[in-house]
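A short worksheet on the structure shown next.
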């Protein structure tokens with residue numbers, strides 16, 4: 001029953017995404033199937049994408065997958081999560097790595113939706129942002145502040 005409910009919610013989200021202008025489309029938080037999180041606050045997501053949260057509660061390494069510059073997912077990540085422009089974000093992560101505060105393994109780049117999905121499936125502990133129409137059926141979509149993409153008050157759009 002829960003699987004059917006999830007499938008229906010995802011179908012409604014995908015349908016709704018087709019009527020939103022691209023700049024207003026929500027972006028889903030998608031995690032590896034073994035990530036022990038079904039809901040994260042916007043603040044927790046920010047710490048994940050800023051590299052300050054490096055482990056999941058079960059001890060697994062957090063692997064952040066970001067999309068390439070110029071993509072909707074990247075724009076939402078920069079604007080809504082890390083609150084930086086592209087240059088500042090790059091400098092920030094280079095600084096983390098240079099100081100030894102982050103490992104190179106914690107930040108990966110997905111060059112396309114399909115490449116991002118493949119990386120997500122291969123990397124235990126991974127998390128990413130995906131345009132709602134690109135979210136595959138059965139993906140582990142994480143709620144943000146208790147809401148899924150398309151629900152009233154969803155933060156990542």
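Please treat every number below as a calculation from the coordinates, not as lab data. Computed from a predicted structure; not experimentally measured. Backbone-built Cβ (ideal geometry, glycine too); neighbour counts: all protein chains shown.
Taking neighbour Cβ counts within 10 Å as the exposure measure, how do 152, 32 sort from fewest upward? Walk me through the intermediate numbers first.
Values: 152 5, 32 21.
Fewest-to-most Cβ neighbours within 10 Å comes out as 152, 32.
Would you kindly state how much longer the chain becomes between residue 101 and residue 114 on full extension, computed as 0.36 nm times their sequence separation minus their alpha carbon distance, in nm to one decimal? Can you show the working numbers first?
Working: separation 13, 0.36 × 13 = 4.68 nm, distance 2.97 nm.
Contour length minus the Cα-Cα distance gives 1.7 nm.
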